[in-house]
1. Using alpha carbons only, what's the Rg to Rh ratio of the range B:1-70 with Rh from Kirkwood?
2. Suppose the chain between A:Asn77 and A:Glu104 were pulled fully straight at 0.36 nm per residue; how much longer would it get relative to their current alpha carbon spacing?
3. With the cut-off at 1.5 for a/c, could you classify chain A from its C-alpha gyration tensor as rounded, prolate or oblate?
4. Tell me, how many Å apart are the Cα centres for the range A:1-20 and for the range A:35-112?
5. From a point 7 Å beyond the Cα of A:Leu116 in the direction of its Cβ, which residues of the range A:7-27 have a backbone N at a distance under 19 Å?
6. What is the spin-label model distance, in nm, from A:Thr20 to B:Thr73 if the labels are put 7 Å beyond Cα along the C-beta direction?
7. Using label points projected 7 Å from each Cα along Cα→Cβ, tell me how many nm separate B:Val80 and A:Ala2, to one decimal.
8. Taking a ≥ b ≥ c as the square roots of the eigenvalues of the Cα gyration tensor of the range B:22-104, is the shape rounded (a/c under 1.5), prolate (a/b larger than b/c) or oblate?
Amino acid sequence: KAGVTQTPRYLIKTRGQQVTLSCSPISGHRSVSWYQQTPGQGLQFLFEYFSETQRNKGNFPGRFSGRQFSNSRSEMNVSTLELGDSALYLCASSSTMLAGAFNEQFFGPGTRLTVL
Amino acid sequence: ELKVEQNPLFLSMQEGKNYTIYCNYSTTSDRLYWYRQDPGKSLESLFVLLSNGAVKQEGRLMASLDTKARLSTLHITAAVHDLSATYFCAVYSGGGADGLTFGKGTHLIIQP
């Protein structure tokens, strides 16, 4: 079974620009979560989508947004980029098909975003 | 707000030695995860612990969970260089969503 894929793997942008990152979950997984990883703040939860609906959101400004498509693929958008947005953005998918499932999350390789 | 604390944050040890990484969390949770991350790579799932007293082992790594103490441990037995990595514990926040709260990670270096 193919794993979680993320595109692009590397991205360089300048302050003020916007960026869109893409994530394709494991086949059959309907939940997609996004995380930001930085040396200073560590791994932080951004948001989670299930069946095209945002179910939960972390403590990030409104410049960070996302969406999920009917095929469970997800995109994350960051507008008006700031230097502090430089980070590794990780996407994770999980299966929530069964009640009581432990919803183990499988992570993709990440997108390394550098803001200059 | 759920807080997850790991210690130590940095550990240098010799091959063949045993050591334990600790993960404390602040509120009730029924799911705890351990992940491994190699430099420049993504997170690899190691263990999922779902109930009080759960113990799982894979090779030289063993993880346990005490939900009453809100404590999980990751024990390394007879360490080898290939286990050098950063190890994260993560706790499920609950509320019907799948967001995880991560500890800051333990950077483990195993020297010959």
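Here, each number is a calculation from the coordinates, and none is a lab measurement. No experiment lies behind these values; they were computed from the predicted model shown. When we count neighbours, we look across all protein chains shown, and the Cβ atoms used for this are built from the backbone with ideal geometry, even at glycine.
1. When Rh is taken as the Kirkwood radius, the ratio is 0.96.
2. Details: separation 27, 0.36 × 27 = 9.72 nm, distance 2.47 nm.
Extra length from A:Asn77 to A:Glu104 when fully extended: 7.2 nm.
3. Working: a/c = 1.88, a/b = 1.77, b/c = 1.06.
In terms of gyration-tensor shape, prolate.
4. The range A:1-20 and the range A:35-112 have Cα centres spaced 12 Å from each other.
5. A:8-20
6. Result: 5.0 nm between the two label points.
7. The modelled label-to-label distance comes out at 3.3 nm.
8. oblate
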